[in-house]
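To start, the structure itself, in structure tokens.
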Amino acid sequence: MKKTIGVLLVLIFVAWVVARIVIGIQFNQNCGGYLKRAADANTVELAKKQLEIALMYIEQKQLTSGYTSIIYRTPSEEVGFWYENLKSSLNELSTLKPDATPLEKSNMLIKLRETLLDEGQSTTVTIPAGISVYPYNTAMAILGGILLIPAVVGVKLLKSA
């Protein structure tokens, strides 16, 4: 009996972890991946198409304002700035004349890449932390914390069984 209860308590927490991972993967499939593709595009037209797909998802999910932070707000977690920056980039791509010189197009793509990507030890797409579960960041964090306690009890039950 102890073993069964222990397994159930641990599995509930594991289900939360799996759900969180799946939500992150879905965000990457529907938005983050397209932002990366826009940054990697070799033509303005291709970059514009990829950015439009990402922005359509962002707008459908209403990821256009607020903060992803739970305890305190930092500029890197401001959803509104991120969204407006992406919209501005799309607007710049759209206003570039078709007869623009190759240098102008190349400069536009470089500027877009710098907007979409963060350079560091590795290159990553610039997105607010926790955007995949936004606007439910607080609820997900509280739920994870609450489910962690029974999971610890479950592990102890499994060890004692």
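Which condition number does A151 fail, the rest of (1) farther than 22 Å from E52 by Cα; (2) of a type in the set (A, V, I, L, M, F, W, C); (3) open to solvent by 30 Å² or more (accessible area, probe 1.4 Å) being met?
Among (1) farther than 22 Å from E52 by Cα; (2) of a type in the set (A, V, I, L, M, F, W, C); (3) open to solvent by 30 Å² or more (accessible area, probe 1.4 Å), the lone unmet condition for A151 is (3).
Out of K87, K97, K105, which single residue is part of a loop (DSSP other than H, G, I, E, B), farther than 26 Å from R20 by Cβ and not small (G, A, S)?
On the way: K87 fails: part of a loop (DSSP other than H, G, I, E, B); K105 fails: part of a loop (DSSP other than H, G, I, E, B).
Within the list K87, K97, K105, the selection yields K97.
Confirm whether Q121 is assigned to a loop (DSSP other than H, G, I, E, B), more than 14 Å from the chain's Cα centre (by Cα) and not hydrophobic (A, V, I, L, M, F, W, C). Step through it out loud before you land on a result.
Numbers: assigned to a loop (DSSP other than H, G, I, E, B): yes; more than 14 Å from the chain's Cα centre (by Cα): yes; not hydrophobic (A, V, I, L, M, F, W, C): yes.
Yes; evaluated as a whole, the condition is true for this residue.
From the list E114, E119, E92, which residue is of a type in the set (D, E) and closer than 20 Å to Y57 by Cα? Outline the logic, then answer.
On the way: E114 fails: closer than 20 Å to Y57 by Cα; E119 fails: closer than 20 Å to Y57 by Cα.
Just a single option satisfies the conditions, and that option is E92.
For every residue, the table says whether it meets (1) open to solvent by less than 70 Å² (accessible area, probe 1.4 Å); (2) within 15 Å of the chain's Cα centre (by Cα); (3) more than 27 Å from P135 (Cα to Cα).
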{"residue": "K49", "(1), (2), (3)": "no, no, no"}
{"residue": "I53", "(1), (2), (3)": "yes, yes, no"}
{"residue": "E59", "(1), (2), (3)": "no, yes, no"}
{"residue": "V79", "(1), (2), (3)": "yes, yes, no"}
{"residue": "L93", "(1), (2), (3)": "yes, no, yes"}
{"residue": "P98", "(1), (2), (3)": "no, no, yes"}
{"residue": "L112", "(1), (2), (3)": "yes, no, no"}
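From the list E104, E84, which residue is within 19 Å of the chain's Cα centre (by Cα), acidic (D, E) and open to solvent by 60 Å² or more (accessible area, probe 1.4 Å)? Show your work before the answer.
On the way: E104 fails: within 19 Å of the chain's Cα centre (by Cα).
None of the other options fit; the residue is E84.
Determine whether P135 is out of contact with any Asp or Glu (no Cβ under 8 Å at 6 or more places or on another chain) and either touching a residue at least 24 places away in the same chain (Cβ under 8 Å) or within 30 Å of I12 (Cβ to Cβ) (or both).
yes
The values are calculated or read from the model by the stated rules, or taken from the named source; none is laboratory data. The model shown is predicted, which means the values in this text are computed figures rather than measured ones. A quick note on method: Cβ atoms are made from the backbone with ideal geometry, for glycine too, and the neighbour counts reach across all protein chains shown. To get the accessible areas, we keep the full protein, side chains included, count just its heavy atoms, and leave off ligands, DNA and RNA. Shrake-Rupley method; radii C 1.70, N 1.55, O 1.52, S 1.80 Å.
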